[in-house]
1. Grab the Cα-Cα distance for ASN228 and ASP111, subtract it from 0.36 nm times how many residues apart they are, and report the gain in nm with one decimal.
2. When the label point is put 7 Å from the Cα of ALA248 along its Cα-to-beta-carbon vector, which residues of region 203-218 have a backbone N closer than 15 Å?
3. Where the only charges are on Cβ atoms (+1 Lys, Arg; -1 Asp, Glu), what is the dipole of region 102-204 about its Cα centre, to the nearest 20 debye?
4. I need the P(r) histogram for region 195-271: all alpha carbon pairs, bin width 10 Å from 0 out to the longest distance, whole percents.
5. Return the sequence-ordered ³J(HN,Hα) values of region 133-147 in whole Hz as given by the Karplus equation 6.51 cos²θ - 1.76 cosθ + 1.60 applied to θ = phi - 60°, using x for Gly and Pro.
6. So how far, in whole Å, is the C-alpha centre of region 88-107 from the one of region 177-214?
7. Cα centroid distance between region 223-271 and region 140-154, in Å?
8. Quick one: what does P(r) look like for region 81-144 with 5 Å bins over all Cα pairs, in whole %?
Amino acid sequence: MSSTRNPARPRPGHVDRLARPDSPSLVDKAPVSRFEQRRRAGRRRRGLKAALVALAVVALVGAVGAAVWAVYFSTMFAVTRVVVVGTHRLSAAQVEQAAHVPMGRPLMRLDTGPIRRNVAGIVQLSSVVVTTQWPHTVQITVVERTPAAVIALAGGGYDLVDREGVVLGTVTGQPPALALLAMDPASTPPAALQAAASVAASLTPRLAAKVRSITALTANSVELNMTNGSTVRWGDATEGAIKAEVLAALMRHPARVYDVSAPYAPITARG
């Protein structure tokens, strides 16, 4: 007699180990693996980004260092050219020779102060400005003193002087446009000489043509000796334009002395 064995039925309370809900399955393991892959990929990306940033910083520091070296220490931006602007009576070569510009020095390390002082030592100049122009040029801009009068020399010839009484040079003849200062620089107070030269510089060409000579014992007592024999008491060197205008009006009437030292209260004298 044969009998068929029935499959064993699970006993009440028995849970099959393979069917436990808390047992990890192959399906459950896949999401965990993908999360780990994403986390590892994120770490690689962050590491790559940090490496790129570090490389960029190194490149930037290197570029800055190269630029500093090129500007401050190499001859790439060195002085190779000097330009002189503003000369008329002087030559550009005279100014450049006096300047002593250190050729070949990097432009960024050039001190323009000594250059300016060197050029300012030229007596014929009233002002000096030194600038740099990239990549290789030093420009020296000067303003020359302008002759305002002449002083006769004992041995012949004339000294040219500007409005401050600075001697600019010597000429053999008196230029017709310049007034004569009938004064001895050796015995005349410097302030008086400067005042007379300043008055000479303020005269209009028409008035200057009527002046034979200018004298002064002090800075406040400048006098003009006119070609017609009259004398103009000019006073100090201030208000030159007003004094010239007042004098032009007064000279329409003959007089021996014209006093415009107080231009708003002028005086004339016939005797």
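1. Numbers: separation 117, 0.36 × 117 = 42.12 nm, distance 5.65 nm.
Using 0.36 nm per residue and subtracting the Cα-Cα distance, I get 36.5 nm.
2. Answer for region 203-218: 203-211.
3. Values: 6 positive and 6 negative charges, 92 e Å.
Taking the Cα centre of region 102-204 as origin, the dipole is about 440 debye.
4. 21, 63, 17
5. 10, 5, x, 9, 10, 10, 10, 10, 9, 10, 10, 7, 5, 9, x
6. 34
7. That distance is 26 Å.
8. 4, 20, 35, 24, 12, 5, 1
Throughout, read-outs are computed from the coordinates displayed, never taken from laboratory work. As the structure is a computational prediction, the values presented were derived from the model and not from experiment. Glycine also receives a Cβ, built like all others from the backbone with ideal geometry; neighbour counts cover every protein chain displayed.
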